[in-house]
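Take a look at the structure below.
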């Protein structure tokens, strides 16, 4: 029973951590969606211009807009990059844990 209690506590800790990361990522996505109108204005301003200077100015204006509004463009990937390795490690630990293989619960 101690093994299952330990797994449950570990699950609560990891789940609370992943919820915090998920919440932060969701808030960044909401900020990004609020800025879509301003980004569309920047894209319309530089539409049809293909020279390197125009592309550079467009990206600079976009990055200034992100910085001004405290938006991280790659926040959507942050959740996967943080939580996936943690879950893979926990899965591996649980699969090689000897007490898990020898423990019975409800005659299973």
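Read-outs throughout are calculated quantities, based only on the coordinates presented, and are distinct from any laboratory measurement. Predicted model only: the values in this text are computed from it and were never measured. Don't worry about glycine lacking a Cβ; one is built from the backbone with ideal geometry, like all the others, and counts go over all protein chains shown.
Just a few scattered comments:
- Rounded to the nearest 0.05, the FRET efficiency derived from the C-beta distance between residue 65 and residue 17 at R0 = 22 Å is 0.10.
- Two-site FRET efficiency, residue 96 against residue 27, from Cβ-Cβ distance with R₀ of 35 Å, rounded to 0.05: 0.40
- Relative contact order for the chain, counting Cα pairs under 8 Å that sit 6 or more residues apart, in percent: 38
- Proxy reagent accessibility, fewest Cβ within 10 Å first, across 91, 66: 91, 66
- Over all pairs of different C-alpha atoms, the chain has a mean inverse distance whose reciprocal, the Kirkwood radius, equals 17.7 Å.
- For the chain, built as a Gaussian network whose Cα springs stay under 10 Å, the top-fluctuating residue of 71, 21, 94: 94
- Based on the Kirkwood approach, the hydrodynamic radius assigned to region 1-53 is 14.9 Å, with every pair of different Cα atoms included.
- Difference of contour (0.36 nm per residue) and Cα-Cα distance, residue 74 to residue 52: 5.6 nm
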